[in-house]
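Here the structure is laid out as structure tokens; the discussion comes afterwards.
Just so it is clear, none of the values below were taken in a lab; they were calculated from the coordinates. What you see is a predicted model; the values in this text were computed from it and never measured. Cβ atoms come from the backbone with ideal geometry, glycine included; neighbour counts cover every protein chain shown.
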Amino acid sequence: MHDAYRELGLKPGASQEEVRLAYRTLAKCWHPDRHAGRRTEAEALRRMQAINAAYDTLCRRFREPIAAPQPNSAPPPPSPYGETYAAVRALLAALLPAEAEAMLLRMGRRDAEGHYLLAICRFRRGDFGNALTAAKAAVALEPGYAEAISLARKLEALQPKPSLFRKLFRN
């Protein structure tokens, strides 16, 4: 771990932002494309590999969980659709959003998690408008559903904004 910090020219314990900035600076300097056709090309390739390895090592450190979940924490309330949702998540993990969506649609009535999963299916199929509708339905059913709120915000950002020209000349 200390070698990774040294490779990036940092002191142990540097912040994630410091690691990112050091990596970007060194990558710009030692990128092999900048040294193509020169005597320093082999050295640049070796240095870039070492810089990438050090950056990967330190990034893994930042992704590690800080604390384990508390063993006495209450499990989430069971959903009446638990097995179906597990199957839908498995289909999504297998990159089969159309099949997952069909399974959800066969269910008929859905709770907030069902609408959220339907939004994910539709998003992965590229149906952003209907994905946004499903995400908003999940938020309406459970206003504190952080994943659904985050997805709805991302989908709203993807929606095309009407141009000033269209606003002025609307019939």
Label Arg109 and His31 with points 7 Å out from Cα along Cα→Cβ: what is the distance between them in nm? 5.7
Aspartates and glutamates with Cα under 15 Å of Lys154, excluding same-chain neighbours fewer than 8 positions away: Asp127
